[in-house]
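This report refers to the structure that appears directly beneath it.
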Amino acid sequence: MDKFYNETLHKLEIAINELEIEADYSIQRIEAIINTILKYLSEVKEYVLNRGFKNIDEEIHFFKYQKPAIVSKLIYYNAIYKIETKKPYGAKPIKKYLNDELKKLKRYFDNNLEFYKYYRTNNFFIDDKLFVRGKYDIKLSLDTFYFEADRNFSTSHDYKVAKIIANDLIQVYLEDQLHNTAYREKSTDLPNLNWTGSKTALIELIYALHSQAVLDNGNADIKVIAKTFERAFNVDLGDFYHTFMELKSRKINRTKFLDSLRDALIRKMDEQDER
């Protein structure tokens with residue numbers, strides 16, 4: 001299961017990255033990405049329905065982590081499509097519109113706070129109720145979507161996990177839109193910081209933080225982390241996934257920047273010890 005899923009997810013991410021290079025959130029490009037996600041999701045569904053799962057643990061893992069990773073992309077791009085096609089004209093209407101969309105995300109968070117806590121803290125004690133097909137508890141805040149979904153390929157909460165992941169990405173997108181159009185409030189007590197190292201170095205650092213699972217208990221999406229660094233340090237990382245693949249392909253010294261950070265810190269400590 002893992003081998004097929006990982007290969008499928010890898011192919012999907014490459015396809016999305018190739019489409020994202022073409023233009024900045026054009027409607028046609030988003031449509032193409034949505035169709036691509038649907039194609040790969042359909043392949044995963046067919047595989048699951050034909051093969052099934054070895055045991056309950058494999059089923060839980062699929063519906064808690066693997067399926068949501070793909071469905072969240074579908075939710076995200078569909079949301080961006082609707083945001084872009086409904087966006088009004090004029091600076092003030094756009095600002096209000098984007099802020100209203102952010103409020104919708106906040107409402108969803110407030111309405112599902114208990115599950116957010118359960119998922120974000122990596123709890124598992126009721127996973128057998130939340131992520132096993134055919135089992136559901138009406139008391140556990142179910143989305144209406146579940147009752148309309150294919151029960152052979154859905155559990156009561158896998159869509160909710162996908163929604164959480166997608167909402168993180170949607171929030172970053174909306175905040176970027178506000179920032180890029182100069183309507184996001186800027187801090188007046190702190191100077192802007194610009195990344196002056198290489199983009200490759202920053203991408204190496206970002207993937208290291210993601211791999212170490214030190215952000216949001218390891219639940220932060222790599223795209224959210226990258227966008228946050230871009231905004232914080234006024235840098236455009238471009239196709240960061242492609243850069244990471246180049247890092248992986250290095251024959252030697254694949255963590256050049258991280259090694260240099262370690263050496264610089266040790267050198268700094270030694271210098272202070274000698275004083």
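The values are calculated or read from the model by the stated rules, or taken from the named source; none is laboratory data. Just so it is clear, the model here is predicted, and its values are computed rather than measured. Positions of Cβ are generated from backbone atoms using ideal geometry, with glycine treated the same way; all protein chains shown enter the neighbour counts. The accessibility values were calculated without ligands, DNA or RNA, using every heavy atom of the protein model including side chains. Shrake-Rupley method; radii C 1.70, N 1.55, O 1.52, S 1.80 Å.
To the nearest 10 square angstrom, what accessible area does T255 show with a 1.4 Å probe? Here the accessible area works out near 60 Å². In the chain, the longest principal axis of the Cα atoms and the axis of helix 158-180 are about 40 degrees apart. Using the Cα centre of the stretch 213-266 as origin and beta-carbon charges of +1 (Lys, Arg) and -1 (Asp, Glu), tell me which of V224, N253, L265 is placed farthest towards the positive end of the dipole. Checked the options; the winner is N253.
Overall, the stretch 1-67 carries a charge dipole of about 300 debye about its Cα centre when +1 sits on the Cβ of Lys and Arg and -1 on the Cβ of Asp and Glu, all other atoms neutral.
Other residues with beta-carbon under 14 Å from the beta-carbon of P88 carry, at +1 per Lys or Arg and -1 per Asp or Glu, a net charge of +3. If you take semi-axes √(5λ) of the Cα gyration tensor in Å from the coordinates, which of (i) 50, 21, 14; (ii) 33, 26, 20; (iii) 39, 20, 15 do you get? Checked against the structure: label (ii). Our note on the geometry: Cα centres of the stretch 196-241 and the stretch 51-127, 20 Å apart. Once the 1.4 Å probe is applied to the protein heavy atoms, the chain comes out at 60 Å² accessible per residue. Taking 7 Å steps out from each Cα toward its Cβ at K199 and N217 produces label points 3.5 nm apart. Tell me the angle of helix 67-86 to the major Cα principal axis of the chain, expressed in degrees between 0 and 90 and rounded to the nearest ten. Around 80 degrees separate the two axes.
Restricting to Cα pairs below 8 Å that are 6+ residues apart, what does the relative contact order work out to for the chain? Please round to a whole percent. In percent, rounded to a whole number, it is 18. Across the accessible surface of the stretch 45-94, with the other protein chains kept in place and a 1.4 Å probe, carbon and sulfur atoms take up 53 percent. Mean residue ellipticity at 222 nm, helices only, the chain: -22000 deg cm²/dmol; runs of at least 4 DSSP H residues each add -39,500 (n - 2.57), and the sum is divided by the number of residues. Taking a ≥ b ≥ c as the square roots of the eigenvalues of the alpha carbon gyration tensor, the stretch 10-115 is oblate, as a/c is not under 1.5 and a/b does not beat b/c. On the stretch 133-175, 47 percent of the accessible area sits on carbon and sulfur atoms, based on a 1.4 Å probe.
Computed from Cα atoms, the angle from the helix 2-22 axis to the main principal axis of the chain rounds to 60 degrees. Net charge dipole, the chain: roughly 520 debye, given to the nearest 20, about the Cα centre with Cβ charges of +1 for Lys and Arg and -1 for Asp and Glu.
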